[in-house]
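Peer 1: Okay, here's the structure, questions in a sec.
The values are calculated or read from the model by the stated rules, or taken from the named source; none is laboratory data. Bear in mind the structure is a predicted one, so any value in this text is a computation, not a measurement. Note that we place each Cβ from the backbone using ideal geometry, even for glycine, and neighbour counts take in every protein chain shown.
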Amino acid sequence: MDQRVKAIQAALRALPKDRDQSELCLQPLVTQLPTATKRGKLSRKRQLHVYRRDNFVCRYCRRETILHAALEYLAKQCPEQLPYHPNWKRSETHPLFYDITTSCDHIVPLSRGGDDDDTNLAASCARCQYMKSDWPLEELNWTLHDREDSDWDGLTGLFVVSFRARPWKDQNLKNWVTELDR
Ligand SMILES: [Zn+2]
């Protein structure tokens, strides 16, 4: 059984008779909760470098991810099928965005002393990044997998081809296409 589940079980078991004992059981779970640390946004160039290095495969769950700009572009073209709100408003955004788009995750969170070095960055799906938040891997019982040997490109190739043939007036998307072309 997961050690954390065991701790919760023991704490619940102790609680009717001895609250202090419950607290003791929970001691190993005590963690530093995420604070609203200001994080500088990584440039497209840096993000792309990490995505390509990791072949757009999530280093935590090993799923193939999709470049956010590629999905956003398709959503702009086909909004009925793929609704999207720029701030990911849940009532207006298809779940694929916060499930499978590519993110750049800080393996050791900035709030725990991690930095922006390449060795501390990993391609991650949006779902894993959201769940991981500001916790270090050990506290979540997660594993950082080695880079997958894969030719998956996050659909960036198709994105560039489609965008060329059927452009969309959006500076951010245009900038992504330019960056992908470099
Ligand atoms: Zn993942």
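Peer 1: Assuming His94 fulfils every condition listed in (1) in contact with a Pro (Cβ under 6 Å, 6 or more places away or on another chain); (2) farther than 27 Å from Pro28 by Cα; (3) within 16 Å of the ligand (Cβ to nearest atom); (4) not basic (Lys, Arg) apart from one, which condition is it?
Peer 2: (3)
Peer 1: Criterion first (within 16 Å of the ligand (Cβ to nearest atom), free of Cβ contacts under 8 Å to residues at least 60 places away in the same chain and not in a helix (DSSP H, G or I)) does Ser124 satisfy it?
Peer 2: It is false that Ser124 is within 16 Å of the ligand (Cβ to nearest atom), free of Cβ contacts under 8 Å to residues at least 60 places away in the same chain and not in a helix (DSSP H, G or I).
Peer 1: Against the condition in the same structural domain as His49 (by TED's automatic domain parsing) and over 22 Å from Thr35 (Cβ atoms), how does Ala165 come out, does it pass?
Peer 2: Criteria met by Ala165.
Peer 1: While we're here: With region 1-75 as the region, which helices (runs of 4 or more DSSP H) entirely inside it contain at least 1 residues that are under 18 Å from Leu158 (Cα atoms)?
Peer 2: 44-53
Peer 1: Turning to a different aspect of this structure: Please state which one of Cys78, Cys125 is closer than 15 Å to Phe56 by Cα and outside the structural domain of Ala7 (by TED's automatic domain parsing).
Peer 2: Unique residue meeting the criteria: Cys125.
Peer 1: A follow-up question, please. Under 6 Å between Cβ atoms, at least 6 apart or on separate chains: pull out the pairs that start in region 57-71 with a residue that is over 27 Å from Trp168 (Cα atoms) and end on any residue that is within 9 Å of the ligand (Cβ to nearest atom) and in a helix (DSSP H, G or I).
Peer 2: Listed by first residue and then by second, the contacts come to Cys58/Cys128; Tyr60/Cys128; Cys61/Cys128.
Peer 1: Sticking with this structure for a sec: How many residues are part of a helix (DSSP H, G or I) and touching a helix residue (DSSP H, G or I) at 6+ places or on another chain (Cβ under 8 Å) if we restrict to region 133-173?
Peer 2: So the count comes out to 10.
Peer 1: Say whether the condition of being assigned to a loop (DSSP other than H, G, I, E, B), of a type outside the set (Lys, Arg) and outside the structural domain of Glu139 (by TED's automatic domain parsing) is met by at least one residue in region 99-107.
Peer 2: So far as region 99-107 goes, no, none of its residues is assigned to a loop (DSSP other than H, G, I, E, B), of a type outside the set (Lys, Arg) and outside the structural domain of Glu139 (by TED's automatic domain parsing).
Peer 1: If you don't mind, there's one more thing I want to ask. Does region 74-88 include one or more residues that are within 15 Å of the ligand (Cβ to nearest atom), modelled with pLDDT under 95 and of a type in the set (Phe, Trp, Tyr)?
Peer 2: Scanning region 74-88 turns up no residue that is within 15 Å of the ligand (Cβ to nearest atom), modelled with pLDDT under 95 and of a type in the set (Phe, Trp, Tyr).
Peer 1: Could I ask something else about it? Against the condition within 13 Å of His68 (Cα to Cα), within 16 Å of the ligand (Cβ to nearest atom) and touching a Leu at 6+ places or on another chain (Cβ under 9 Å), how does Thr102 come out, does it pass?
Peer 2: Yes.
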